[in-house]
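The numbers here are math on the coordinates, done by the rules we state, and not lab data. No experiment lies behind these values; they were computed from the predicted model shown. All Cβ positions, even for glycine, are placed from backbone atoms using ideal geometry, and neighbour counts span all protein chains on display.
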Amino acid sequence: MKKGDVKVCILLIEGTNCEEETSHVFEELGASPERVHLNQLVRDVPPELKRSLEDYHVLVFPGGFSSGDYVRAGAIWAARLKSRLLQDLRTFASEGKAVVGICNGFQVLVELGFLPGIGGISEVPQAALATNDSAHYECRPTLLKFENRGLSQPLSRFHKDQTMLAPSAHTEGKFTFPQGDERRMLTALDRADQILFRYVDVEGEYAGYPWNPNGSIHNIAGICNPRGNVIGLMPHPERSFYRYLHPDWTRGGDGPDGDGRLFFESILDYVMENF
């Protein structure tokens, strides 16, 4: 498969606001992205607007504040998906296609039970993206260390301990587990190689605020499902796609490519090799 044949569905509803830049990075890499409203998949719309999830190779839930993040972040979007599209989503993931949730999209995948997905897709959330420890919106550059040992094939271009800069921009990004169950869940994630990224400081060491902008347990910034093809992370790699988007872009780095470019290149490589 050539890059131009890779069809990317960037799903949106009212309140999402990162679909345009997410679409741009896939287009810049030569893929064929399309911004698709949920209604185009689940409701009666004019034939020329109707879309089917099975026609795509990558499904992206972009960042934003879907439905105003009322109730809690991602909850309303997830409820709508469960009521109208759950089986199609299950089929898409079971076929090994890439599913990516960024920021609000990560929150949606957790609410859906697709992440962390220990023991399979869960009927109820196994984790939560809770309110930041600072109790306010955090918008800052964050450094992520790649922790995966090889499970997540869509990110196989990353090497262990590689660091990526990706901005964070959220109020509810604290990755956590039910009280009293933290140790068991962390052990399960680690044994299954489901931890993708952890927050670090400029020395590559695990650190607290502001390097960990939200207080996430174990400094977790991104995880995958047990198969490795469903990926969620709070920071925004699309916002560091170009070098000039880095806060220190005038003080180092060669060429136009930013850290986030590798994230999307790796996903496309996975699709071209497997479909």
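Show the residues, 5+ positions off or on another chain, whose built amide H is closer than 5 Å to the amide H of Leu115. Long-range HN contacts for Leu115: Val110. The value of relative contact order for region 3-274, using C-alpha pairs under 8 Å at least six residues apart, is 19 percent. Residues whose amide H falls under 5 Å from that of Glu14, counting only those 5 or more places apart or on a different chain, are Ser67, with hydrogens built in the peptide plane.
Taking other Cβ atoms within 10 Å as a rough exposure proxy, Ile10, Ile118 sort from fewest to most as Ile118, Ile10. The residues packed around Glu265, meaning those with a beta-carbon under 10 Å from its beta-carbon, carry a net charge of +1 if Lys and Arg are +1 and Asp and Glu are -1. Look at where the Cα atoms of region 107-152 and of region 1-77 average out, and the two centres are 20 Å apart. Per the Debye formula on identical point scatterers at the alpha carbon atoms of region 3-274, with no solvent, log10 I(q)/I(0) at q = 0.07, 0.08, 0.13 Å⁻¹ is -0.22, -0.29, -0.79. Protection proxy ranking, highest mean first, for peptides 190-199, 168-177, 44-53: 168-177, 190-199, 44-53, where packing is the per-residue count of other beta-carbon atoms within 10 Å, averaged.
Within the set Lys50/Lys174; Lys3/Lys160; Lys2/Lys174, which residue pairs have Cα atoms separated by over 32 Å? The answer is Lys50/Lys174; Lys2/Lys174. For region 173-249, the alpha-carbon coordinates run over 42, 29, 20 Å along the three principal axes, in decreasing order. The percentage of C-alpha pairs in region 1-127 whose separation is greater than 26 Å is 17%.
Mind giving me the FRET efficiency for His136 and Arg183? R0 is 30 Å, r the Cβ-Cβ distance, nearest 0.05 is fine.
With a Förster radius of 30 Å, E is 0.55.
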